[in-house]
Amino acid sequence: MNLDHTLELLRQGKHIPEETVYSLCLELQELLINEANVSYVDTPVTICGDIHGQLHDLLTLFEKSGGVEKTRYIFLGDFVDRGFYSLESFLLLLCYKLRYPDRITLIRGNHETRQITKVYGFYDEVLRKYGNCNVWRYCCEVFDYLSLGAIINNKIFCVHGGLSPDVDTLDAIRGIDRKQEVPHEGPMCDLLWSDPDDVETWSLSPRGAGFLFGKNEVDKFLHGNDIELIARAHQLVMEGYKEMFDGGLVTVWSAPNYCYRCGNIAAVLEIDDQLQRNYTIFEAVQPQDGVGNAIIPTKKPQMDYFL
Amino acid sequence: MHELFSPVRSLYDEYMARVRSRSRRLYGQIDSRVRQSVPVMNLGTYLRTVAIDVALLQFIERAGPDTPVQVVNLGSGSDLRMVQYLSVFPQIVKFLDVDFEEAVAFKGQVIDTTTQLKQIVEQYTREGRYELLSIDLCDVQHAMELLTTHTRTDVATVFITECLLCYIPQRESQLLIDSIQGAYSTGTPGGNLWVSYDPIGGSAPNDRFGKIIERKLAHVQEPRLAHSARLQLKGDVRSSVAKAIDHCNVVIRDMWQFLQEKVTDEEKKRVAALQFLDELEELKVMQTHYVILSAQW
Ligand SMILES: C[S@@+](CC[C@H](N)C(=O)[O-])C[C@H]1O[C@@H](n2cnc3c(N)ncnc32)[C@H](O)[C@@H]1O
């Protein structure tokens, strides 16, 4: 496999042969199997939230934040589903990971599962593009190897969703057997599904998976693990990012105009060597039809909102 | 509420099958929307339907089984609600569907090619309980003449506007609302009700989703509609519709509030079990941009 060639095809949103995807996914599994459940990452680093198959916006993200040749990145998961280019977005990140293994950390999101991708678009996208679901299966195998979190300079904990009542310490996360489909309950599920909210204590999540947790739980986790920030994604934020609980937690969202419809802006969070936070916001690439930079296919069922 | 839905599935299927043979294009549009619909969309459609039904049912119930009721569905499109309501509520003496000539002709022709549905509709039509009427609602004076000859103004009446007012220019929709309120007298047993479902938003500086709806409306495909697709979206929940109907008893909720306040936990669970919904934030963004309004006079 010629990595540079594949990268070039991906950037243009072009078709990648099934065999290439197969070998790419195999190599990634070999690479990821050696990573810990919670990877160590050094500053400076740029934290990115949900991508959801918006390839062109992902390319903008790299442009606006320095690019993988110069910058370290943590992606908080939800690479696939909803957008039209889940496959290309995910493969692009895999190629970068292969090329710059120390410069890019990929954390699993709640959409990186077989079950969710069957409902929310990635499975259908692969069927549409290949006529069979092999490529989807290869990617799902990779999903099972993605890390559950990352820790920056031992001070900032990164995770897709949030905390779990079953997890008090980072060591508890390190003890999870992560190489499996995301279970419907338990600590691994909670890390990918939970949300911060104005609640006194652990509460049921309206999503039907994970929990709601409040300032008390966050303060306890920060204090108990001697860290100062939880950086997570998982929830659409119209302004791109949102700090909560006196700055003890931040939600970062990196899919602008989510689903080509929501109108939101996107953000990434850069953490410098002094652990200062610096947000970069960006807007969606303008949709264009047909020739030139085809961003969104001409048929856009998503745009037909109920009127 | 349940009895409204038990017998109708086959009728809807029949209608859709006939739409298919009449207009591949339209069928394709509806069908792909149904098949590709993601949970947020389905839930939105569900909420919209239920919100109107709840208002209608409450009104009919309050009026009591002995009070005759009329229902006027303005801009009814392909809505087949009339079949459900006419079969369950004998006290509905008239159900009037109103739309543009083309839309009315299309609906009539499609029904005409069905079997089961046609039989039912013909029966209600014979009994004088159902009518499908073509009116351009922008021509308010003419519309009022037709409405008042095809319904009684002294019978408790519900007017439904489900995504209609956003297509009618501000001045005309105000005039239409005023004229109807003037013509259908207060003091009839049961009173009158206006139920409206409308998009809102777009004028507040940071209302990004509202801007998207606004842009979408400006590009409405139907040439007939394009000229009037100047939405009177307002930044706050008290939409232009509410302002227009404000001298009577108005209740207005955005659809997110409706979901929180009016849908029981049990029903929420039932719906959640039908299709897994992850996109709560997106649902909220969307649903806070639609309102259900009921105004009684
Ligand atoms: C978005 S559709 C809604 C249809 C239906 N109420 C529903 O919610 O399923 C709007 C409908 O209003 C009709 N309409 C728009 N402007 C109209 C006018 N000036 N007079 C009559 N009908 C109109 C359109 O033909 C169309 O059927």
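The values are calculated or read from the model by the stated rules, or taken from the named source; none is laboratory data. Remember, predicted model here, so these are calculated numbers, not experimental data. Every residue, glycine as well, gets a Cβ built from its backbone with ideal geometry; the counts of neighbours run over all protein chains shown. Surface areas here come from the heavy atoms of the whole protein model, side chains and all, with no ligands, DNA or RNA. Shrake-Rupley method; radii C 1.70, N 1.55, O 1.52, S 1.80 Å.
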Across segment B:76-104, the tally of residues that are surrounded by fewer than 23 Cβ atoms within 10 Å (Cβ to Cβ) and near the ligand (Cβ under 7 Å from one of its atoms) stands at 5
If you go through segment B:72-82 one residue at a time, do you hit one that is over 17 Å from B:C163 (Cβ atoms) and touching a residue at least 60 places away in the same chain (Cβ under 8 Å)? no
Here is a list: A:V268, A:V250. Which entry is surrounded by 17 or more Cβ atoms within 10 Å (Cβ to Cβ), touching a residue at least 60 places away in the same chain (Cβ under 8 Å) and more than 14 Å from chain B (Cβ to nearest Cβ)? A:V268
Looking only at residues in segment B:35-75 that are within 16 Å of the ligand (Cβ to nearest atom) and assigned to a loop (DSSP other than H, G, I, E, B), which one is surrounded by the most Cβ atoms within 10 Å (Cβ to Cβ)? B:G75
Under 9 Å between Cβ atoms, which residue pairs at least 6 apart in sequence (or on different chains) link something in segment B:92-105 that is closer than 17 Å to B:T125 by Cα and in contact (Cβ under 8 Å) with a residue 24 or more places away in the chain with a partner that is aromatic (F, W, Y) and assigned to a strand (DSSP E or B)? B:K94/B:Y130; B:F95/B:Y130; B:L96/B:Y130; B:D97/B:Y130
Filter the helices (runs of 4 or more DSSP H) completely within segment B:108-210 down to those with at least 3 residues that are at negative phi and within 16 Å of the ligand (Cβ to nearest atom). B:140-150, B:170-183
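Is there a residue in segment B:105-118 that is among the charged types (D, E, K, R), over 15 Å from B:V71 (Cα atoms) and touching an Asp or Glu at 6+ places or on another chain (Cβ under 8 Å)? Steps first, please.
Taking segment B:105-118 first, the residues among the charged types (D, E, K, R) are B:107, B:112, B:118.
Retained after the next criterion (residues that are over 15 Å from B:V71 (Cα atoms)): B:107, B:112, B:118.
After this cut, where a residue has to be touching an Asp or Glu at 6+ places or on another chain (Cβ under 8 Å) as well, the list is B:107, B:118.
Yes, some residue in segment B:105-118 is among the charged types (D, E, K, R), over 15 Å from B:V71 (Cα atoms) and touching an Asp or Glu at 6+ places or on another chain (Cβ under 8 Å).
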Among the residues of segment A:89-127, write down those that are open to solvent by 10 Å² or more (accessible area, probe 1.4 Å) and not in a loop (DSSP other than H, G, I, E, B). A:Y96, A:L98, A:R99, A:T105, A:R114, A:Q115, A:I116, A:K118, A:V119, A:Y123, A:D124, A:L127
So, in segment B:20-34, how many residues would count as being away from chain A (no Cβ under 14 Å) and either touching a helix residue (DSSP H, G or I) at 6+ places or on another chain (Cβ under 9 Å) or open to solvent by less than 30 Å² (accessible area, probe 1.4 Å) (or both)? 5
Subset of segment B:259-297 that is within 24 Å of the chain's Cα centre (by Cα), crowded, with 21+ Cβ neighbours inside 10 Å and not aliphatic (A, V, I, L, M) - its residue that is nearest to the other protein chains (Cβ to nearest Cβ): B:E282
Criterion violated by A:R178 - all others in (1) open to solvent by 20 Å² or more (accessible area, probe 1.4 Å); (2) within 21 Å of the chain's Cα centre (by Cα); (3) more than 14 Å from A:G161 (Cα to Cα); (4) not polar (S, T, N, Q) satisfied: (1)
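Consider B:D112 carefully, then state whether it is surrounded by 19 or more Cβ atoms within 10 Å (Cβ to Cβ), closer than 30 Å to B:H142 by Cβ, in contact with a helix residue (DSSP H, G or I) (Cβ under 9 Å, 6 or more places away or on another chain) and acidic (D, E).
No.
State all residues of segment B:1-24 that are part of a helix (DSSP H, G or I), within 28 Å of A:R261 (Cβ to Cβ) and touching a residue at least 60 places away in the same chain (Cβ under 8 Å); if no residue qualifies, say none.
B:Y12, B:V19
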Which one of the conditions (1) within 19 Å of the chain's Cα centre (by Cα); (2) assigned to a helix (DSSP H, G or I) does B:Y27 fail to meet, given that it meets all the rest? (1)
Condition check for A:F213: in contact with a Pro (Cβ under 7 Å, 6 or more places away or on another chain) and not basic (K, R): yes
Go through (1) farther than 30 Å from B:G210 by Cβ; (2) open to solvent by 20 Å² or more (accessible area, probe 1.4 Å) and name the single condition A:Y241 misses. (1)
Answer yes if at least one residue in segment B:52-61 is within 14 Å of chain A (Cβ to nearest Cβ) and hydrophobic (A, V, I, L, M, F, W, C), and no otherwise. yes
Confirm whether B:A17 is more than 16 Å from the ligand (Cβ to nearest atom), more than 14 Å from chain A (Cβ to nearest Cβ) and at negative phi. yes
